[in-house]
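To keep things clear, I will list the structure first and then write my remarks on it.
The values are calculated or read from the model by the stated rules, or taken from the named source; none is laboratory data. If you're wondering where the values come from, they're calculated on a predicted model, not measured in any experiment. Positions of Cβ are backbone-derived with ideal geometry, glycine not excepted, and every protein chain shown enters the neighbour counts. The area values use the complete protein model at the heavy-atom level, side chains included, leaving out ligands, DNA and RNA. Shrake-Rupley method; radii C 1.70, N 1.55, O 1.52, S 1.80 Å.
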Amino acid sequence: MTYTGFPQFNNFPSARVNETDSQGSYIKKYAQQYIQAKSHSSGQSYNDTFVSRKITVNGEKTDFQSGQISNTLKNLLSGSDFQPILAVRVERKRIQSKEGVWINDLKQTLNEKKAVIYAMTPRTFNAYDKNGDELIDMAGGERRGSFLNAIDRLDELKNIGVNTIHLLPITPPARENALGTAGSLYAPESYTEIDPALDDPDDPRNVYEEAREFVKEAHKRNIRIMVDLPSCASVSMAERNPHLIAVNDDGSPRVPQGWNDIRAFQVWEDKENGELNRPLMEMHKKFVDMIMDIGADGIRADVARYKPPRFWKELIGYAREKDPQFGFLAESYTYEDASPMANIPADRPEPLLNAGFDSIYGQYHIFPSWNTANDLHSYVKNMIKMSHRLPPNKSLIGSFATHDDKAPISNGGVPYSNLTVGLQATLPMVNPYFVSGFESGDNYIYKFRNKYVEKSDTDSHIAFVHPEWIDIFNYSRRPGGNHPEIGDYMGKIFNVRKKYENVITKGSYIPLEVENNENDRIIAYARHYKGKTLLVIANRNVNGYESGEVKVPLLSKNQQLKDLSPSYDVASRIEVIDEALNVKLGPARFHLFEINTPNIEKAAKEVYTPNQQTSSGSIGLLKKLIGNTDLSGQN
């Protein structure tokens with residue numbers, strides 16, 4: 001079908017069209033949504049009437065079936081304001097309130113490397129610990145975290161630069177064969193329910209309504225919501241659903257090594273003939289429906305490598321028929337043959353990205369073991385090379401620490417924490433990522449760790465928790481430490497990132513040579529885009545100074561340097577000379593400068609540019625048009 005005078009609708013992707021719906025009716029539906037949104041924001045009535053596949057706007061008729069588009073509608077939907085990418089799901093994704101209309105753009109945000117992600121557990125995020133024992137006793141007047149009290153901290157997250165929240169699993173944890181006194185978040189009793197413990201007992205609404213309220217309040221602040229999809233079943237869930245569970249040759253359930261509270265799924269019905277386990281797939285689709293119903297914008301898939309690309313391709317396709325902007329983040333690292341445990345396949349991120357995932361975890365979680373600058377450069381170059389074997393715009397998260405990792409504050413205090421923020425803010429292909437408590441330096445050392453406790457909601461009375469990892473097993477205190485200066489640094493550096501967004505999210509990566517630095521601890525690179533250059537210089541050594549000469553092609557000795565990174569801890573000395581900098585860097589110091597080297601790419605020995613295509617930006621344009629770039633009423 002050809003749409004006369006409306007070329008962007010020619011060859012409209014058939015994958016986005018419901019099987020029972022024609023292209024004309026499909027486009028008409030989203031044109032109606034757009035007009036209603038524009039009317040809502042402007043207060044102007046367009047006097048629109050829709051009949052079947054026809055529309056009359058201010059007296060002029062359009063027939064989508066014949067492809068005849070009236071001038072009024074063409075003008076209303078002209079240019080980049082309305083593109084097929086704007087086809088968002090009407091029934092669940094068009095969340096309306098008197099403040100505005102939310103349009104999901106998580107997929108695009110991940111593709112454009114503009115997400116700043118904050119991982120948190122609702123049951124602890126805003127908990128109140130009255131007696132200081134760090135375990136929450138509701139009978140003693142203490143308060144667990146809930147969807148509703150989490151709203152109280154959303155402005156705090158916005159102020160440190162967060163625009164995307166990763167909710168660790170919100171499904172109910174199993175109470176039997178459990179780890180911890182509340183159960184592991186990753187041992188679900190059900191995939192199609194929300195944990196009733198996240199309900200506010202003082203509010204008359206049910207937990208689903210309260211979840212929707214939390215999502216709506218996040219959207220008002222231009223914060224997207226991504227919900228964790230667990231990878232396996234709890235023991236009790238497995239016992240109730242043996243048709244979903246993989247078994248060993250002796251008939252015993254398959255247990256991922258080290259995870260005794262969960263059981264692995266049987267993904268295939270007939271692997272030889274490529275037949276998936278349909279009941280398992282249908283359960284996962286119901287999970288997608290459930291989180292779409294509360295208004296969430298995407299999924300983080302736990303241990304994504306366990307399920308084959310074919311499984312993910314179908315599930316991602318199912319979600320994107322409903323919402324083309326539904327985002328998918330895979331917990332997948334980079335060819336780690338050492339990391340898979342028994343009964344879990346080796347990690348291979350490229351097939352997952354080809355199956356439709358927008359982003360993967362990547363390998364930055366082992367940054368503490370990278371002792372040299374070359375370790376970092378090699379990894380970044382490998383990721384950029386990988387991007388050219390994939391569809392454009394794939395990304396990583398800045399997984400310097402996840403809920404499965406040691407607290408960053410324990411790797412070198414506030415300076416090390418700030419160093420990782422600066423790197424995440426400036427590295428290519430990266431969506432920065434942080435775990436709750438990082439922003440104030442929580443070391444995740446809990447008083448109750450692995451002790452016997454009398455009160456428990458599970459069959460375990462041992463308050464299990466990994467040392468220096470955030471607690472995901474108990475009703476425990478709100479994450480947080482004594483160093484709010486980390487959050488202050490985050491807010492300032494992400495404002496800088498926003499100012500130089502094009503350079504950081506679209507620019508090339510230029511590793512810089514460093515001389516006279518014997519231990520190779522000085523990290524130096526440039527980011528360049530359309531004549532504008534940012535220069536990064538950082539000290540990987542958290543315990544002492546590092547000195548050297550950083551070679552910067554075409555840098556003038558008259559270049560004035562203004563550090564765009566806020567200062568912290570021990571000062572550095574940086575001197576400009578011809579095409580180089582003499583530096584003596586304070587421990588774990590990060591520095592960022594804009595320099596005047598418009599032709600640096602031509603003079604550099606190495607230049608790496610990720611595989612990316614510039615998007616139309618149409619969703620962002622529409623968000624501005626209907627006034628929900630920020631719906632909180634704050635600057």
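Would you check if Phe473 is assigned to a loop (DSSP other than H, G, I, E, B), at pLDDT 95 or above, touching a Gly at 6+ places or on another chain (Cβ under 6 Å) and crowded, with 24+ Cβ neighbours inside 10 Å? The answer is yes for Phe473. Listed conditions (1) open to solvent by less than 10 Å² (accessible area, probe 1.4 Å); (2) closer than 28 Å to Ile294 by Cβ; (3) at pLDDT 95 or above are all met by Arg320, apart from (1). Taking the criterion of being open to solvent by 20 Å² or more (accessible area, probe 1.4 Å), of a type in the set (Val, Ile, Thr) and out of contact with any Cys (no Cβ under 9 Å at 6 or more places or on another chain), would at least one residue in segment 412-427 satisfy it? Yes: segment 412-427 contains one or more residues that are open to solvent by 20 Å² or more (accessible area, probe 1.4 Å), of a type in the set (Val, Ile, Thr) and out of contact with any Cys (no Cβ under 9 Å at 6 or more places or on another chain).
Pairing residues of segment 375-397 that are assigned to a helix (DSSP H, G or I) with residues that are among the acidic types (Asp, Glu), at Cβ distances under 7 Å and at least 6 apart in sequence or on separate chains, gives Met386/Glu350.
Which of the residues belonging to segment 179-207 are out of contact with any Pro (no Cβ under 8 Å at 6 or more places or on another chain), acidic (Asp, Glu) and open to solvent by less than 40 Å² (accessible area, probe 1.4 Å)? Hits for segment 179-207 are Asp200, Asp203. Condition (residue is among the basic types (Lys, Arg), touching a helix residue (DSSP H, G or I) at 6+ places or on another chain (Cβ under 7 Å) and closer than 30 Å to Glu209 by Cα) applied to segment 347-356: is it met by at least one residue? So far as segment 347-356 goes, no, none of its residues is among the basic types (Lys, Arg), touching a helix residue (DSSP H, G or I) at 6+ places or on another chain (Cβ under 7 Å) and closer than 30 Å to Glu209 by Cα. Across segment 192-230, which residue is farthest from the chain's Cα centre (by Cα) among those that are in a loop (DSSP other than H, G, I, E, B) and under 25 Å from Arg449 (Cβ atoms)? Among those residues, the one meeting the criterion is Asp195.
Report whether or not Ile299 is β-branched (Val, Ile, Thr), in contact with a strand residue (DSSP E or B) (Cβ under 8 Å, 6 or more places away or on another chain) and under 27 Å from Leu110 (Cβ atoms). Considered against the rule, which asks whether it is β-branched (Val, Ile, Thr), in contact with a strand residue (DSSP E or B) (Cβ under 8 Å, 6 or more places away or on another chain) and under 27 Å from Leu110 (Cβ atoms), Ile299 comes out as yes. Within segment 451-487, the set of residues being within 23 Å of Val421 (Cα to Cα) and among the small types (Gly, Ala, Ser) comprises Gly480, Gly481, Gly487. Residues in segment 208-224 that are touching a Ser or Thr at 6+ places or on another chain (Cβ under 8 Å), open to solvent by less than 10 Å² (accessible area, probe 1.4 Å) and under 17 Å from Arg300 (Cβ atoms): 1 in all. Restricting attention to segment 290-321, the residues that are in contact with a helix residue (DSSP H, G or I) (Cβ under 8 Å, 6 or more places away or on another chain), in a helix (DSSP H, G or I) and farther than 23 Å from Lys114 by Cβ add up to 12. Within the set Glu515, Glu468, Glu485, the sole residue that is open to solvent by 20 Å² or more (accessible area, probe 1.4 Å), in contact with a strand residue (DSSP E or B) (Cβ under 6 Å, 6 or more places away or on another chain) and at pLDDT 95 or above turns out to be Glu515. Across segment 514-529, the number of residues qualifying as over 23 Å from Gln613 (Cβ atoms), in a strand (DSSP E or B) and in contact with an Asp or Glu (Cβ under 6 Å, 6 or more places away or on another chain) comes to 2. If you go through segment 270-282 and pick out every residue that is under 23 Å from Phe328 (Cα atoms) and either open to solvent by less than 90 Å² (accessible area, probe 1.4 Å) or at pLDDT below 95 (or both), you end up with 6. Residue count for segment 370-401 under the criterion of being within 20 Å of Arg540 (Cβ to Cβ) and of a type outside the set (A, V, I, L, M, F, W, C): the result is 11. Of everything listed in (1) among the hydrophobic types (A, V, I, L, M, F, W, C); (2) within 25 Å of Met120 (Cα to Cα); (3) over 15 Å from the mean Cα position of the chain (by Cα), the single unmet condition for Leu390 is (2). Only a single item in (1) open to solvent by less than 30 Å² (accessible area, probe 1.4 Å); (2) in a loop (DSSP other than H, G, I, E, B) is not met by Arg497, and it is number (2).
Against the condition open to solvent by 10 Å² or more (accessible area, probe 1.4 Å) and at pLDDT 95 or above, how does Lys285 come out, does it pass? Yes; evaluated as a whole, the condition is true for this residue.
Cβ-Cβ contacts under 8 Å between residues 6 or more apart (or on different chains), taken from a first residue in segment 197-222 that is in contact (Cβ under 8 Å) with a residue 40 or more places away in the chain to a second residue that is aromatic (Phe, Trp, Tyr) and in a helix (DSSP H, G or I), are listed as Leu198/Phe147; Asp199/Phe147; Asp200/Phe147; Val207/Phe147; Glu210/Phe147; Ala211/Phe147; Glu213/Phe147; Phe214/Phe147. Those strands (runs of 3 or more DSSP E) of segment 561-614 in which at least 1 residues are in contact (Cβ under 8 Å) with a residue 40 or more places away in the chain, considering only elements entirely within it, cover 580-585, 590-595. For segment 519-540, name all the residues that are under 20 Å from Phe367 (Cα atoms) and open to solvent by 20 Å² or more (accessible area, probe 1.4 Å). Across segment 519-540, the qualifying residues are Asn519, Asp520, Arg521. If the condition is being open to solvent by 40 Å² or more (accessible area, probe 1.4 Å), in contact (Cβ under 8 Å) with a residue 60 or more places away in the chain and charged (D, E, K, R), then segment 225-258 contributes only Arg254.
For segment 188-222, a residue qualifies if it is under 27 Å from Gly258 (Cβ atoms) and out of contact with any Lys or Arg (no Cβ under 9 Å at 6 or more places or on another chain), and the qualifying residues are Pro188, Ser190, Glu193.
Scanning segment 258-287 for residues that are out of contact with any strand residue (DSSP E or B) (no Cβ under 7 Å at 6 or more places or on another chain) and of a type in the set (Lys, Arg) yields a total of 3.
For segment 580-615, filtering for residues that are surrounded by fewer than 17 Cβ atoms within 10 Å (Cβ to Cβ), over 32 Å from the mean Cα position of the chain (by Cα) and hydrophobic (A, V, I, L, M, F, W, C) leaves 1. Could you check, for segment 533-543, whether at least one of its residues is farther than 29 Å from Gln613 by Cβ, part of a strand (DSSP E or B) and touching a helix residue (DSSP H, G or I) at 6+ places or on another chain (Cβ under 9 Å)? Yes, segment 533-543 has at least one match.
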